[in-house]
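Everything on this sheet refers to the single structure shown next.
The values are calculated or read from the model by the stated rules, or taken from the named source; none is laboratory data. Just so it is clear, the model here is predicted, and its values are computed rather than measured. Quick reminder, even Gly has a Cβ in these numbers, built from the backbone with ideal geometry, and neighbours come from all protein chains shown. These accessible areas exclude ligands, DNA and RNA; they are computed on the full protein's heavy atoms, side chains included. Shrake-Rupley method; radii C 1.70, N 1.55, O 1.52, S 1.80 Å.
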Amino acid sequence: AGRQYGHITVFAEEMQGRTTDLLAVKMKGSDILNKDGFMGKSDPYLIFKAIRSDGEAIEVGGGKSNTIDNSDSPEWDTMQINFIELCNGKLDNKIRIECWDSDPMSGDDQIGLLDTTVAELLQGGPLAMRDYKEGRDLQPGSLTCKEGGIVRAPNFLDYLGSGCEITVSFAVDFTMSNKDPSDPESLHAITEDGYNQYQQAMVSVGEILESYDHDKKFGVLGYGGIPPGAEDASHCFALNLNDAEPEVEGVDGLMQVYASALEQVKLYGPTNFSEVIQRSQMLAKECNKQHYHVLVIVTDGDITDMQPTKNHIIAASYDAPMSIVIVGVGEEDFSAMEDLDADRGGLIDDDGKAPARDIVQFVPYKEAAQEEGGVAKKLLEEVPRQLLEYMCVNRKPPPRWSAPEASPEEQLYVLPDGNWAKAL
């Protein structure tokens, strides 16, 4: 027989929840047993422990409180304890809370302990501790959770899956720099050989965003052209000529209304973005439900109202739940479009104010289409993050957390402090 080297026991349990979830609790004690003699009171602190399937209690991350000196009714600072380590993300798993008396001179003394669950703890009632030695009739006191919840940083799918509505609109460039649609060199030219760059860009972006749009309808606007019945160029008009209801059904409707508009709208100028941004900003702010709007501006790269556009972008970054995706088509210089993307810095309004958050993403269509992942990769890198940043700045949790149909665990979720979106 071979030499025996002992054995290893492995305890395994399927994880539930997210590794970043934290149990936040503010604890207080009552009638804490005195361990320091008749001249003083205990200096108590708490230790939260997980109880394994074999009954052993083990310490967990964030599970030790601060020490309160000389008190029989302490109130500890809020603790943030790793929720997965403590109870595997399950409200009804048993946990242990130990109360100790800090004594640097002779060593810390245990005061008492209790076994409970997170569900019971967060109900907020007093929980009596028992003596740490069996057979003694000491009363170590009680512990109460004054405030508590599960700190969770929500992700994009948390919002999408719990009632946050995504809406999408397109704004199409009808300025003369694109050349007349009858010219084969025009960016708006429609031939039997396939889609022009405007169509390719709108289909690529529309197919991605349609899956997130709550009703699969797109508002479709034009700018820089002269619509039927008008004498002057408009910098914000509905391509279906119905300003009150500019929406069409999905990508197919988008292609149909674009082709129809090319036959009716006269290309003109100048190229102004500010009016379509202002309109989207107003619509985004008016909705009562939790929602987020994505404005897609398709352009050949020219812009003549740069500073007003910057002003509206910066204003929207403070108060509107929206993102702006600028898709550049053609071969023109897109440096002005890149300047509108706050990733580069230097975006300032007339009053010298910078944006509260980045809401603009510039995508050069031809370049993006040739990269791995294409336009989809570019869009999905930015829009979900921008939505989360808006929700973070404005302290808006996913709607389901407070909905009547929320699970007991969901009802306990609270948002983290600080810029939690940046860490996702």
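Things worth noting here:
- Taken together, the residues in segment 244-273 that are in a helix (DSSP H, G or I) and not aliphatic (A, V, I, L, M) amount to 8.
- Inter-residue pairs, beta-carbon under 8 Å, first more than 13 Å from VAL294 (Cα to Cα) and in segment 378-390, second open to solvent by 30 Å² or more (accessible area, probe 1.4 Å) and of a type in the set (A, V, I, L, M), 6+ apart: LEU388/LEU424
- ASP350 being assigned to a loop (DSSP other than H, G, I, E, B), in contact (Cβ under 8 Å) with a residue 40 or more places away in the chain, of a type in the set (Asp, Glu) and open to solvent by 30 Å² or more (accessible area, probe 1.4 Å): yes
- The residue of segment 39-61 that is surrounded by the most Cβ atoms within 10 Å (Cβ to Cβ), among those that are in a loop (DSSP other than H, G, I, E, B) and hydroxyl-bearing (Ser, Thr, Tyr), is SER42.
- Residue match in segment 143-156 (condition: buried (at least 18 other Cβ atoms within 10 Å of the Cβ) and within 24 Å of ASN34 (Cα to Cα)): yes
- Considering the conditions (1) touching a residue at least 24 places away in the same chain (Cβ under 8 Å); (2) farther than 24 Å from ALA421 by Cα, ASP158 is excluded by exactly one of them, (2).
- Being open to solvent by less than 70 Å² (accessible area, probe 1.4 Å), within 26 Å of the chain's Cα centre (by Cα) and not β-branched (Val, Ile, Thr) is a condition met by no residue of segment 181-200.
- If you check SER106, SER162 for being open to solvent by less than 40 Å² (accessible area, probe 1.4 Å), modelled with pLDDT under 95, small (Gly, Ala, Ser) and not in a strand (DSSP E or B), only one passes: SER162.
Here's the yes/no breakdown for (1) buried (at least 24 other Cβ atoms within 10 Å of the Cβ); (2) touching a helix residue (DSSP H, G or I) at 6+ places or on another chain (Cβ under 8 Å); (3) on the phi < 0 side of the Ramachandran plot:
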{"residue": "GLU249", "(1), (2), (3)": "no, no, yes"}
{"residue": "GLN264", "(1), (2), (3)": "no, no, yes"}
{"residue": "GLY301", "(1), (2), (3)": "no, yes, no"}
{"residue": "HIS312", "(1), (2), (3)": "no, yes, yes"}
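- Residue match in segment 62-80 (condition: of a type in the set (D, E, K, R), part of a helix (DSSP H, G or I) and surrounded by 15 or more Cβ atoms within 10 Å (Cβ to Cβ)): no
- Candidates ASP31, ASP36, filtered to the one that is surrounded by 13 or more Cβ atoms within 10 Å (Cβ to Cβ) and at pLDDT below 95: ASP36
- Matching option when the condition is in a loop (DSSP other than H, G, I, E, B), at pLDDT 90 or above and farther than 30 Å from SER280 by Cβ, among GLY112, GLY135, GLY148, GLY124: GLY124
- Restricting attention to segment 114-138 and to residues that are among the acidic types (Asp, Glu) and under 14 Å from CYS99 (Cα atoms), the residue that is most open to solvent (accessible area, probe 1.4 Å) turns out to be ASP115.
- Every pair of residues 6+ apart whose Cβ atoms lie under 6 Å, when the first sits in segment 406-418 and is in a loop (DSSP other than H, G, I, E, B) while the second is open to solvent by 30 Å² or more (accessible area, probe 1.4 Å): ALA406/ARG400; LEU415/PRO397
- Residues located in segment 64-120, provided they are of a type in the set (Asp, Glu) and more than 15 Å from GLY148 (Cα to Cα): ASP69, ASP72, GLU85, ASP92, GLU98, ASP101, ASP103, ASP108, ASP109, ASP115
This table checks each residue for (1) touching a residue at least 40 places away in the same chain (Cβ under 8 Å); (2) polar (S, T, N, Q); (3) not in a strand (DSSP E or B).
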residue: VAL294; (1), (2), (3): yes, no, no
residue: VAL298; (1), (2), (3): yes, no, no
residue: THR304; (1), (2), (3): no, yes, yes
residue: THR309; (1), (2), (3): no, yes, yes
residue: ALA316; (1), (2), (3): yes, no, yes
residue: VAL325; (1), (2), (3): yes, no, no
